[in-house]
């Protein structure tokens, strides 16, 4: 009987976490580390609240691919705004929820150059074209925008409300991030 009292409690199979920030290499590494720990810890379903203004296209693409390959259930929630490269990452999950008052912004690759020569401008333009091609391919695979929205996407940000996001396939449903009263919520 004493031996049974010394058995550590089993780890939770459902975990809640939050990520707030720009998608850069540090943020991507934290997400890799946190999700890997969840997998190794026996988590079967992770609920991730995400708030991000975006970041680097490459970070969005690598997270998209990583989320798609996870051997656990991942539900991601937009509870405020998810923009730019973060939309690409968001699309990598099979279960995508959006809060009633949340929004999304998608746009072409953007950058700023200061004190660059012609060669640098040319190189950056080539890289931006590659990023545009791969992020648009991911968007078109998951999202149905009108012809007018795609034309606007070429020149500016396309903003989508929660309802519009569900209609176009960006999100599955309008639902709130709701950890239970006894849930631990981890920050990534």
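We did not get these values from a lab; they are worked out from the coordinates using the rules stated. All of these numbers come straight from a predicted model, not from anything done at the bench. Virtual Cβ from ideal backbone geometry, glycine too; neighbours counted across all protein chains shown.
Output the relative contact order of the chain, whole-number percent, from Cα pairs under 8 angstrom with separation of 6+ residues. Relative contact order here is 24 percent. Here the chain yields Rg over Rh of 1.06, to two decimals, using C-alpha coordinates and the Kirkwood radius. On the basis of the beta-carbon distance and an R0 of 35 Å, residue 185 and residue 113 show a calculated FRET efficiency of 0.30. With a Förster radius of 25 Å applied to the C-beta separation of residue 44 and residue 144, the computed FRET efficiency comes to 0.20.
Counting every other Cβ atom within 10 Å of each residue's Cβ, 84, 10 order from fewest to most as 10, 84.
Expressed as an acute angle from 0 to 90° and rounded to the nearest 10, what is the orientation of the C-alpha long axis of helix 118-142 relative to the principal long axis of the chain? Roughly 50 degrees, rounded to the nearest 10. Estimated purely from DSSP H runs of n ≥ 4, each contributing -39500 (n - 2.57), the mean residue ellipticity at 222 nm for the chain is -13000 deg cm²/dmol once divided by its residues. For segment 39-141, dividing the convex hull volume of the Cα atoms by the residue count gives 115 Å³ per residue.
Exposure proxy ranking for 13, 93, based on other Cβ atoms within 10 angstrom of each Cβ and starting from the fewest, stands as 13, 93.
Neighbour counts of other Cβ atoms within 10 Å put 151, 108 in the fewest-to-most order 151, 108. Between helix 57-69 and the chain there is an angle of about 40 degrees, using the helix long axis and the longest principal axis of the Cα atoms.
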